[in-house]
Structure formats: C-alpha cells, structure tokens
Amino acid sequence: MAILEVKDIKKSFGKTEVLKGVSFSLNEGEVLSIIGSSGSGKTTLLRCINFLETADSGKITVDGDVIFDGEDHSKKKAKETREKQLKIGLVFQQFNLFPQYNVLDNVTLAVKLKAKERPDYKQNKKQILAEIEEKALKLLSDMGLSDKIRSYPCELSGGQQQRVSIARAMALEPKILFFDEPTSALDPELTGEILKVIRELAKSNMTMVIVTHEMNFAKEVSDYIVFMDDGVIAEEGKAQEIISNPKTERLQAFLSKISD
Amino acid sequence: MFWNVTQSLMEGFGKTLEIFALTLLFALPLGLVIAFGSMSKWKPLKLVSKGLVWVIRGTPLMLQLIVIFYGPGLIGSWASQLESTNPLIQWLATWECFDRFTAVIVSFVINYACYFSEIYRGGIESIPKGQYEAGQVLGMTKSQTFFKVVLLQVIKRIIPPMSNEIITLVKDTSLARTISVYEVIWNSEIFIRTDGLLWPLFYTGLFYLIFNGLLTVVFGRIEKKLSYFKA
C-alpha cells in the first residue's frame, strides 16, 4: 500500500497557475526524485505537501491518514496540523539551521519541545532528555559529525550544515523525508558528501522524495522519477528507464539541455 | 563651592536617571506591542499603529511634552464648561493635568516606544523566512519558533541601533525642564545665573559622558556575548 498519495493538487499564485493537477503515489521504502526546469512547479509541489503553502484543491494522504483535503473547509486546530506535519520531514535548500544553537541543540530542540507534551514528561524528564540526546548523537555520528556536536552552524562548511539539517529532520522520525534541492546551495566538491548521506538513507529503506538537478544521482538513487513541466507531470516512470529512454519530447529536450 | 556644585548636580542627575530608567522600563515592552501592531495583518490595527508612529516621530518631543502636560487639563475644563449630561463629556470633565513628573514620563514613554517599535520591526522583519519555515516543518508552534528561535537573533541584530537610541534618551532627558521638571542642566544653569560660574556646565557634561560611557561598555559586552553566532 502506498505510504504517500498525492491526488490532483492544484495551486495558483494570483493568476498564475503553478500546479495544474498533480498526482502521484509512493510506496514505503522507495525513493522518488522530482526533476524539471525551474518554474515547472516542483518546489511548489513540495511546499504544498509540507504545509508551507496551502494547495487550492486536491488530497494528500500519508500512511493512510489524510493530511490535506481541499474539499474539507472546516477550521483545523493548530495542534492537529502540527501532528500531521510531523509525519513528514523536510530538508531545505538553504539548510535553515538555527544559528544560535550548536549542532546538537539544533538536532534536539524541536524533539525536546515536543517531548514536553508527553503526559509522563515531568516524572521522567531526565530519562526522556537523555534518550533524546543519545538518539541525536547516534544520528550525528551516522552523518559523520561526531566531532562537531558543540560547533555552531557558522563554524561549519555548507556540506556539514546540510548534514546537520538532515539529522535534525530525521530526529523527529518522519515517515517520509523530503529534500528541496539539497545540494543546490553547495559548491560542487561538497555535493558528494550530501549525496553519500542520501544514498545511505536509501539503503536503510527510508522513504524519500527528492527535488534535484543532479540527474545522474537521481538515476542512481531513486526507484522512480517524476518529470514536471509547466505545472503538470509530463512523464514518470522507473528511474533507469526515464533517464535512458525518455518518451516525451519535453523530457528529451530537458535532458539534452542538462547534459550540455 | 565645588562640593556645593557637586551636590546640586548629583541631585539633578538623580532626576535624569529616574526619567531614563522609568522611560526604558515602560517603553521597551510598549515598543514591542506597537511593533506587533504595525506588522499586524488586521488593517485597522496596522493603520492606528503606523499613524501613531508617524505622528510621534514626525513632531518634536518638546511639543509632545507640552501637549501632554497641558492637554488633559484644558480638555477637562472645556468639557466641564459644556455642562452636558452626555456621559462621555462628563467623563472628559473629570480630566486634570498630570503632575509634571508624570507628564514627562508619559511623553517620554510614548515617544521612545515609537522609536523602539520601528527598531524591533526592522529586526523582526530581517529574520529570513526560512527560520520560521524550519520551525514549522519541525512541528514547533508559532510562539515556540518566535521565542526559541527568532528572538535571540532579533536581539543580536537590534543591539547597535538600540544602544544608539538609548544613549540619545540619556541626553533627551534634559527636555524635561520644558515643563519645569528640574534635571541636571537646570541645576547647573543656576550657578551661571547666581554665581556667574561657567565650569559647572562642563562638569555637567562630564556626568553625561561618564554615564554614556558606562552604557557603551554594557552594550559592547552584550554584543560580544552574542558574537558567538552569526545571524
């Protein structure tokens, strides 16, 4: 059964229709890459799924739970939305780390705030916080950042910052992790370390949706690729196939432009 | 003589410090309220806040002092002359002048709150949207994001303009004499008039210099303390 189901998402900004009805689905443990030129709507699609924009219509289901329904106009409680938000994680293009916190605190801040809502928080405070910290340390060591836990974001390279932000998103144990062009703000020599981390995550069966410009990487790491053009999915299919053997003219044109 | 002058100036500077401290105490939080007002999505509130800031920043503090000192009393006597039964007019008829010191504090608080509010607004609006978005996707509430993530970054950014404004406040307290609240300059001027002495004025300047020097050191410390991160 699909863990993510996106149905007929539409979104306009003023008179510009950015998403003209986008549908796709993804099974647990699979990796989907979204490719397409700038302005094709891929980032808007990601932002709609992550509640950073509200879609005009459509339906989004995560793990059998409807997290967005354009037909449902009842007022949502902020808390409910937050709960749903936590099912999915997002890694930003610009990292958006919190500059005044060190690496470890960046990773644990949201988790600790969330833990305060637990009914047993007061009784087991010490234990809960220790567990959170331990888990964060494990994540950071997976990211190869064990020696940086007390550093501040301004002391890290772009690649290190992006790895911290991946650990921060993972700390909340999302069902699906989204990446918004995770390497676009990085120097070419630093993209490799991020791609390596994502590759590792894919191996551990993390369900991921990646908006990317790295065609070769998309082909290698993803199970499926969706090609967006002008607010619609112009072509989709198995990763190897779609890159090696594009069927639509638009995708052929896009791929040849990229390889230039 | 020196001892006499010192004593008199200390007394005057006590008043100066009192105005300074009370103004900060009330204007710092009130400024935040006005800042949120002028950033509000609710048009009427935004308009009122922006209008207030426009009037207060657009007119001299000296004028505001005089209006706030004499205004309420004049309105009161005008309203009581009307002998109306309208409850609003009757209520206005009960208005009296503030005492001088209260009038000074009220004017200074309103004036400085407006200046602070613009500094706050600038600071808050300069924080990249990504910080709020990161808070949101991490499941934090809006207030958690503001207090745990945004606030310290705002404070770091507004320290330099705030220290500027606060040092100006120290010097602006001398305007209190407009409505006969006697502060340090008034006291030193007495020595010119009665004893023909000029040096107490320079001595007064020293009081300001030392106090502002202290403030500069304090703000420098805060800046240094917040220099461990870049925002």
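The values are calculated or read from the model by the stated rules, or taken from the named source; none is laboratory data. Being a predicted model, the structure only gives us computed values, none of them experimental. Note that we place each Cβ from the backbone using ideal geometry, even for glycine, and neighbour counts take in every protein chain shown. Only protein heavy atoms, including side chains, enter the accessible area calculation; ligands, DNA and RNA are left aside. Shrake-Rupley method; radii C 1.70, N 1.55, O 1.52, S 1.80 Å.
Within segment B:175-206, track down each residue that is open to solvent by 30 Å² or more (accessible area, probe 1.4 Å) and within 16 Å of B:PHE20 (Cβ to Cβ). Residues satisfying the conditions are B:LEU175, B:ARG177, B:TYR182, B:ILE185, B:TRP186.
If the condition is being under 14 Å from A:ASN106 (Cα atoms) and among the acidic types (Asp, Glu), then segment B:115-149 contributes no residue at all.
Within the set B:PHE20, B:PHE13, B:PHE26, the sole residue that is part of a helix (DSSP H, G or I), at pLDDT below 90 and under 30 Å from B:LEU206 (Cβ atoms) turns out to be B:PHE13.
State yes or no: is A:VAL66 without any contact (Cβ under 8 Å) to a residue 24 or more places away in the chain and of a type in the set (Val, Ile, Thr)? For A:VAL66, the condition - without any contact (Cβ under 8 Å) to a residue 24 or more places away in the chain and of a type in the set (Val, Ile, Thr) - is met.
Restricting attention to segment A:101-117, and to residues there that are at the interface with another protein chain (Cβ under 7 Å from one of its Cβ atoms) and open to solvent by 10 Å² or more (accessible area, probe 1.4 Å), which single residue is nearest to B:GLN153 (Cα to Cα)? Before the answer, list the steps.
First pass over segment A:101-117, keeping only residues at the interface with another protein chain (Cβ under 7 Å from one of its Cβ atoms): A:109-110, A:113-114.
This time we only want the ones that are open to solvent by 10 Å² or more (accessible area, probe 1.4 Å), so: A:109, A:113-114.
Working: A:LEU109: 16, A:LEU113: 19, A:LYS114: 22 Å.
Among them, the one singled out is A:LEU109.
Considered as a group, the residues in segment A:118-158 that are under 20 Å from the mean Cα position of the chain (by Cα), assigned to a helix (DSSP H, G or I) and touching a residue at least 40 places away in the same chain (Cβ under 8 Å) include one that is nearest to the other protein chains (Cβ to nearest Cβ), and that residue is A:GLY158.
Each row is one residue, and each column tells you yes or no for (1) of a type outside the set (Ser, Thr, Tyr); (2) over 18 Å from the mean Cα position of the chain (by Cα); (3) open to solvent by 10 Å² or more (accessible area, probe 1.4 Å).
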position: A:LYS15; (1), (2), (3): yes, yes, yes
position: A:VAL18; (1), (2), (3): yes, yes, yes
position: A:GLY21; (1), (2), (3): yes, yes, yes
position: A:LEU26; (1), (2), (3): yes, no, no
position: A:LEU32; (1), (2), (3): yes, no, no
position: A:THR44; (1), (2), (3): no, no, yes
position: A:CYS48; (1), (2), (3): yes, no, no
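Taken together, B:SER8, B:SER49, B:SER40 contain a single residue that is open to solvent by less than 40 Å² (accessible area, probe 1.4 Å) and outside any helix (DSSP H, G or I), which is B:SER40. All of A:GLU71, A:GLU80 fail the test of being open to solvent by 20 Å² or more (accessible area, probe 1.4 Å) and more than 14 Å from chain B (Cβ to nearest Cβ), apart from A:GLU71. Among the residues of segment B:58-79, the ones that are within 14 Å of B:PHE108 (Cβ to Cβ) and in contact with a helix residue (DSSP H, G or I) (Cβ under 6 Å, 6 or more places away or on another chain) come to 6 in all.
Working carefully through the options B:SER117, B:SER84, B:SER143, find the one that is over 21 Å from the mean Cα position of the chain (by Cα), part of a helix (DSSP H, G or I), more than 19 Å from B:ILE68 (Cα to Cα) and among the small types (Gly, Ala, Ser). Answer to the check: B:SER143.
Residues being among the aliphatic types (A, V, I, L, M) and assigned to a helix (DSSP H, G or I): count how many of those fall in segment B:120-140. Adding up the residues that qualify gives 3.
With respect to the conditions (1) in a loop (DSSP other than H, G, I, E, B); (2) surrounded by fewer than 18 Cβ atoms within 10 Å (Cβ to Cβ); (3) polar (S, T, N, Q), A:ASN96 falls short on a single one, namely (2).
With respect to the stated conditions, B:PRO44 is without any contact (Cβ under 8 Å) to a residue 12 or more places away in the chain and over 22 Å from B:THR23 (Cβ atoms). Only one of the listed residues (B:ILE179, B:ILE166, B:ILE185) is at pLDDT 90 or above and more than 14 Å from chain A (Cβ to nearest Cβ). That residue is B:ILE166. If you go through segment B:200-223 and keep only what is under 21 Å from B:THR173 (Cα atoms) and in contact (Cβ under 8 Å) with a residue 40 or more places away in the chain, you end up with B:PRO200, B:TYR203, B:THR204, B:PHE207, B:PHE211, B:ASN212, B:LEU215, B:THR216, B:PHE219.
With the condition kept exactly as written, say whether any residue in segment A:159-181 is more than 14 Å from chain B (Cβ to nearest Cβ), in contact with a strand residue (DSSP E or B) (Cβ under 6 Å, 6 or more places away or on another chain) and among the β-branched types (Val, Ile, Thr). No, because not a single residue in segment A:159-181 is more than 14 Å from chain B (Cβ to nearest Cβ), in contact with a strand residue (DSSP E or B) (Cβ under 6 Å, 6 or more places away or on another chain) and among the β-branched types (Val, Ile, Thr).
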